[in-house]
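Novice: Sharing a structure here in structure tokens format.
The values are calculated or read from the model by the stated rules, or taken from the named source; none is laboratory data. Since we're looking at a predicted model, the values are computed, not measured. Neighbour counts are summed over all protein chains in view; Cβ atoms, including those assigned to glycine, are modelled from backbone coordinates with ideal geometry. Surface accessibility is based on the protein's heavy atoms, side chains included, excluding ligands, DNA and RNA. Shrake-Rupley method; radii C 1.70, N 1.55, O 1.52, S 1.80 Å.
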Amino acid sequence: MKRKTSIALGLLLTATTVLAPSLTAVAAPQIVPYGTVEAELDFTRNVKDVFTEEDGVTTAVSLEAGNYFSMRTVNFSKGVSKISVKLKAEGPGVIVIHKGDESGDTVGTIRYSATNGYKEFSADVNNLADTDYFTFENKVGTCAVDSWKAVPGETQEPETPETPEEPDTPPVQPPSSEQGAINPYEKVEAENATSDELTNAMVVPSKDKVVINENGKVLVQNVNFSQGVSSINVYAQSSKPMVKLNVYIDDADAPIGTAAVGTNITNATAINVSSNITGSHNVYFVAQGGSVTLDGWQAVASSEQPPVEEPPVVEPPVGDTVNPYSAVEAESAAATDMSNARVTPKKDAVSLTQANSYVAYKNVNFAQGVESFDANVSATAAAMLEVRLDSATGDKVAAFRLDQNSTITTKTAKALSTVTGTHDVYFVVAGGSGVTLDSWVAKTSGTVEEPPVVEPPVGETINPYEKVEAEIATDLTSAMVTPSKDKVVINENGSVTVQNVDFSQGVSSINAYAQSSKPGVSLNVYIDDAETPAGTTTVGPSITNATAINVSSAITGVHKVRFEAKGGSVTLDGWQAVASGEEPPVVEPPVGDSYHRCTQGTL
């Protein structure tokens, strides 16, 4: 009965103090770690709670992100190879073991998952020996810790010190032994990084990728390049053009390689390495020019040649013409001339990266004339896409005005003049950038109309009293739709704007379905172009429970609504307004499901 044991120990220590006040003080009793050690028998703690389960026997320590407890005078007389923790949790998380206090060196990392009752999780540890002092810190997630124990390892005898290291051994190099080293010649998953290894970056809610914000980085430690490296294949994507991913080795000031990140995360992008690299190193991936979603990476050994995946160039036969009255795929063989443009990694569209970019289609036969052009297109910012004949500066025969929209949609442009005969057709970005052309088709007055475009007609409004999905927003600033297309990640100081929202019933509060990977992050709501928010809330770690944002002013009629992240990035699933005549529902998160700030000290 663990509670009785703890109480008896406390009474024994108290009795010793009372009965023998004249005795000289002795050192605190040492903890023997090779059996069960109760988590609540600590010396320093910053925890959410210490509680007893309904069985009246099990007493546990409740930990949220940032909470910790320390163990002093632990006698590792038999050495230590692993430390296991018995805990229960509703979701995944990470406990970091520090040597000394919570700011000390990391000597082990325990990753846990959701449990049904209490379950043991363990991790290899190093640099703990003799009588030592260490700290358990819950970095990610929420859990309740019942107990811990150590697994004996090779005993380290203090009176027989090992032979000193050779003077020429660099102390800052990570260990070169195979044990614990990462093999870079197999795919390394980005989400395996711990929170200590992420700077301005976060693991996505699906736990299978990492979003690196602009100038953020992911660190991978102790990578063993035993076979050298000629290039590194990265599986990454970005929501806008001109974003780069740089690779650094150890503490180098300059990257060993860099690559422009495309829009397809399933195809590898090769980063050629500029220097000779062997042995064990730390590797940093740094986003430049925007945020990058990183799925994983893999090194190509210096003795191997990276595969060349360039598709064969297929020239259209001489004399053949292109039929513009059936859909012309942007990346088709007819597209034989491009400037500042490229076929997307999935080979299903053409990306026009900047102003004056163009893609040209040769020998297009307008035998039936043209009344209008349809283009399936998207743009990362407002842009103008023109259709010109025979050169990039030739006669302009149509122009598409594009709003910011990361989703391919159909746009229609009237023909500005009569078009007949065979021509080369140029699609030219006349203003803006970041245009992706999927396909196009010419229409005549006799052309059978396609189904109506799914664009909302001018004047159609959004009903805020039903859940509004975040990913429908067309105005994203320092934000991106997640790869699963069901949420939006808003970077710090970024925003998402929803146009044409009709608050016909007024609004008393807004329920936001949002989460953040760290405490102290806020979500602000602005109406139209107001400089101060109409409401704000602190974002917790659960996206399934609504967080109510009380609105500070009377709002009716049609407005645009802007959601802004402050203090860190926010993942937004959706939102819903509560009419001014309704009482907002009380949304109590489950115990342990929200961030809680504790003051440091003994409970």
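Novice: Take Ala327 and tell me if it is at pLDDT 85 or above, among the hydrophobic types (A, V, I, L, M, F, W, C) and within 24 Å of Thr269 (Cβ to Cβ).
Specialist: The answer is no for Ala327.
Novice: If I ask for residues that are touching a strand residue (DSSP E or B) at 6+ places or on another chain (Cβ under 8 Å) and in a loop (DSSP other than H, G, I, E, B), which ones from the range 288-303 would you list?
Specialist: Gly289, Gly290, Ser291
Novice: So which pairs qualify, if the first residue must be in the range 329-352 and closer than 15 Å to Trp440 by Cα and open to solvent by less than 40 Å² (accessible area, probe 1.4 Å), the second must be part of a strand (DSSP E or B) and polar (S, T, N, Q), the Cβ gap must be under 6 Å, and the two must be at least 6 apart or on different chains?
Specialist: If the second residue must be part of a strand (DSSP E or B) and polar (S, T, N, Q), the pairs left are Ala330/Ser439; Ala349/Thr436; Ser351/Thr436.
Novice: If you scan the range 240-272, which residues turn out to be among the hydrophobic types (A, V, I, L, M, F, W, C), open to solvent by less than 30 Å² (accessible area, probe 1.4 Å) and either in a loop (DSSP other than H, G, I, E, B) or closer than 17 Å to Gly228 by Cα (or both)?
Specialist: Val243, Val247, Ile249, Ile256, Val261, Ile265, Ile271
Novice: Could you look through the range 311-324, keep only residues that are open to solvent by 70 Å² or more (accessible area, probe 1.4 Å) and at pLDDT 65 or above, and pick out the one that is nearest to Ser351 (Cα to Cα)?
Specialist: Going through the qualifying residues, I end up with Asn323.
Novice: For the range 376-411, enumerate the residues that are at negative phi and charged (D, E, K, R).
Specialist: Glu386, Arg388, Asp395, Lys396, Arg401, Asp403, Lys411
Novice: Please find, among Ser504, Ser509, the residue that is open to solvent by 10 Å² or more (accessible area, probe 1.4 Å) and of a type in the set (Ser, Thr, Tyr).
Specialist: Ser504
Novice: All but one of (1) more than 14 Å from Pro184 (Cα to Cα); (2) assigned to a loop (DSSP other than H, G, I, E, B); (3) among the small types (Gly, Ala, Ser) hold for Gly228; which doesn't?
Specialist: Here Gly228 clears every test but (1).
Novice: Can you tell me which residue is surrounded by the fewest Cβ atoms within 10 Å (Cβ to Cβ) among those in the range 373-406 that are among the small types (Gly, Ala, Ser) and under 36 Å from the mean Cα position of the chain (by Cα)?
Specialist: Top of the filtered list is Ala382.
Novice: Does any residue in the range 77-89 that is under 11 Å from Ala129 (Cβ atoms) and open to solvent by 10 Å² or more (accessible area, probe 1.4 Å) come within less than 7 Å, Cβ to Cβ, of a residue that is part of a loop (DSSP other than H, G, I, E, B) and modelled with pLDDT under 90 six or more places away or on a different chain, and which pairs are these?
Specialist: Lys78/Tyr34; Lys78/Pro152; Lys78/Thr155; Val80/Val125; Val80/Leu128; Val80/Pro152; Val80/Gly153
Novice: Among the candidates Glu450, Glu455, Glu460, single out the residue that is surrounded by fewer than 16 Cβ atoms within 10 Å (Cβ to Cβ), at pLDDT below 90, over 28 Å from Thr263 (Cβ atoms) and not hydroxyl-bearing (Ser, Thr, Tyr).
Specialist: Only one candidate passes the filter, namely Glu460.
Novice: Take Ser206 and tell me if it is small (Gly, Ala, Ser) and surrounded by fewer than 21 Cβ atoms within 10 Å (Cβ to Cβ).
Specialist: Here the answer is yes, as Ser206 does meet what is asked.
Novice: Filter the range 138-154 for residues that are under 34 Å from the mean Cα position of the chain (by Cα) and open to solvent by 20 Å² or more (accessible area, probe 1.4 Å) and give the result.
Specialist: Scanning the range 138-154 gives Lys139, Val140, Gly141, Thr142, Lys149.
Novice: Next up: Look at Ser406 and say whether it is at pLDDT 90 or above, closer than 23 Å to Val261 by Cα and of a type in the set (Gly, Ala, Ser).
Specialist: Judged against the criteria, Ser406 is not a match.
Novice: May I ask you to list pairs of residues, at least six apart or on different chains, whose Cβ atoms are under 6 Å apart, with the first in the range 245-263 being within 20 Å of Asn222 (Cβ to Cβ) and the second being surrounded by 19 or more Cβ atoms within 10 Å (Cβ to Cβ) and among the small types (Gly, Ala, Ser)?
Specialist: What qualifies is Val247/Gly257.
Novice: Just to check your reading of the model, which residue among Gly540, Gly520 is open to solvent by less than 60 Å² (accessible area, probe 1.4 Å) and at positive phi?
Specialist: Only one candidate passes the filter, namely Gly520.
Novice: Out of (1) modelled with pLDDT of 90 or more; (2) within 16 Å of Leu352 (Cβ to Cβ), the odd one out for Val397 is which?
Specialist: Every listed condition holds for Val397 apart from (2).
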